[in-house]
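Report on one structure; see the data block that follows.
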Amino acid sequence: MNKRKRQIITAARALFIEKGFLDTSINDIIHDAKISKGTFYNHFSSKNECLIAILDEGREEASNRRHELIYGKDPTDLEVLTQQVAVLMYVNREHNLIQIFESIFHSRDKELKKIIINYHLQELEWLANRLVQVFGEEISPISYECAVQTLGMINLTLRAVFIADYNKYINREAIVRVALRNISVIIPTMLESKEIIVSVEMINTIQNVVNYKTVTKDMVIDQLHGFAKGLTNNETVEGLEYAEFLLEELQRENPKLFIIESLLTPFRKAFVGTEHVAEARDIANSLWRYVKIERPAERCNKNRQ
């Protein structure tokens, strides 16, 4: 993402928090970002598209942290899942996304509602898949129902905690931990009763609604190459070295995924505190996705050999 686009997003986020999304105009964003109207429309077709970019930033940050939390650990560990679920809450707070959600809660704009629904459905689908990893393939038919109930417990408990002003005493991990413990107790009853509200048809609809960016090897190479080209030795020698290592590995005929994975966290952290932190985060997230897509293919190739 270029500096100008980042400048627009930063100005828009501040305005959405201060004035509310509905009361912020494109002219307000143009004024605070110190750009021309043409520059705005070169990057975004509408204010809603600007909002999508802001929400995507939050999800990208959460996704990166979640990958880092599970890397090298047992994916069935309930405590790892607890930490992963709590990550999005912290990111939403850090990026002030809660205030933005509240500012558009009463909107009647159908496109706007679709944007928010897509954001929440991505979280629902992620959690459903992780619950299957933790509790086993047997819960696949009820995984979305489990995810809905888990998120419901978490969100309503959070609301009660905030209303009672107890958020200083009860941390987010504790709330998530209790919700996951409760769902683990409920699962056997759900499996036995076979009563499902979130049906297979509903799951298929959810999966069709959720929009994910596709990631290919060539896309990531281009992104990383452009990023490395814009760096100088004076900015971060360590970060530049990580970028070059990643490029070198990706350009091999059969990149070693474990090497790429091992470099992603230090690569991202090398740019913390620099103007390149956001772009480094985006690249790391693209690479996590690339590894996730390629891993099944890598296993198939090994089995054939």
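Since Glu235 meets every condition but one in (1) modelled with pLDDT of 85 or more; (2) surrounded by 13 or more Cβ atoms within 10 Å (Cβ to Cβ); (3) more than 21 Å from Tyr119 (Cα to Cα), which condition does it not meet?
Of (1) modelled with pLDDT of 85 or more; (2) surrounded by 13 or more Cβ atoms within 10 Å (Cβ to Cβ); (3) more than 21 Å from Tyr119 (Cα to Cα), only one is false for Glu235: (1).
Is it the case that some residue within region 144-163 is at pLDDT below 90, in the same structural domain as Val85 (by TED's automatic domain parsing) and not hydrophobic (A, V, I, L, M, F, W, C)?
Within region 144-163, one or more residues are at pLDDT below 90, in the same structural domain as Val85 (by TED's automatic domain parsing) and not hydrophobic (A, V, I, L, M, F, W, C).
Step by step: first the residues of region 267-291, then only those that are under 18 Å from Gly72 (Cβ atoms) and without any contact (Cβ under 8 Å) to a residue 60 or more places away in the chain, then the one that is surrounded by the most Cβ atoms within 10 Å (Cβ to Cβ). Which residue is that?
Phe267
So which of Arg6, Arg59 is over 28 Å from Arg108 (Cβ atoms), touching a residue at least 40 places away in the same chain (Cβ under 8 Å) and among the basic types (Lys, Arg)? Don't jump to the end; show me each part of the working.
Details: Arg59 fails: over 28 Å from Arg108 (Cβ atoms).
Matching residue, one of Arg6, Arg59: Arg6.
So if I check each of Leu112, Leu131, Leu121, Leu127, which one is under 24 Å from Ala14 (Cα atoms) and either in contact (Cβ under 8 Å) with a residue 24 or more places away in the chain or outside the structural domain of Pro75 (by TED's automatic domain parsing) (or both)?
Working: Leu131 fails: under 24 Å from Ala14 (Cα atoms); Leu121 fails: under 24 Å from Ala14 (Cα atoms); Leu127 fails: under 24 Å from Ala14 (Cα atoms).
None of the other options fit; the residue is Leu112.
Six or more apart or on different chains, Cβ under 7 Å: which pairs go from a residue in region 169-185 that's among the acidic types (Asp, Glu) to one that's in a helix (DSSP H, G or I)? Could you list them?
Glu173/Thr82; Glu173/Gln83; Glu173/Ala86
Could you pull out every one of the helices (runs of 4 or more DSSP H) wholly within region 1-118 that has 3 or more residues that are surrounded by 20 or more Cβ atoms within 10 Å (Cβ to Cβ)? Talk me through it step by step, then tell me what you get.
Working: elements: 3-19, 26-33, 37-43, 47-70, 78-94, 97-103.
Hits in region 1-118: 3-19, 47-70, 78-94.
Considering only region 99-117, how many residues are farther than 15 Å from Cys50 by Cα and under 20 Å from the mean Cα position of the chain (by Cα)?
3
Going by the conditions given, is Pro141 in the same structural domain as Leu88 (by TED's automatic domain parsing) and either among the aromatic types (Phe, Trp, Tyr) or in contact (Cβ under 8 Å) with a residue 24 or more places away in the chain (or both)?
Details: in the same structural domain as Leu88 (by TED's automatic domain parsing): yes; either among the aromatic types (Phe, Trp, Tyr) or in contact (Cβ under 8 Å) with a residue 24 or more places away in the chain (or both): yes.
It is true that Pro141 is in the same structural domain as Leu88 (by TED's automatic domain parsing) and either among the aromatic types (Phe, Trp, Tyr) or in contact (Cβ under 8 Å) with a residue 24 or more places away in the chain (or both).
Just to be sure before I move on: is Ile139 β-branched (Val, Ile, Thr) and surrounded by 17 or more Cβ atoms within 10 Å (Cβ to Cβ) in the structure I sent? Outline the logic, then answer.
On the way: β-branched (Val, Ile, Thr): yes; surrounded by 17 or more Cβ atoms within 10 Å (Cβ to Cβ): yes.
The answer is yes for Ile139.
The values are calculated or read from the model by the stated rules, or taken from the named source; none is laboratory data. Predicted, not measured: the structure shown is a model, and the values here were computed from it. Here Cβ is always computed from backbone atoms with ideal geometry, including for glycine, and neighbour counts include all displayed protein chains.
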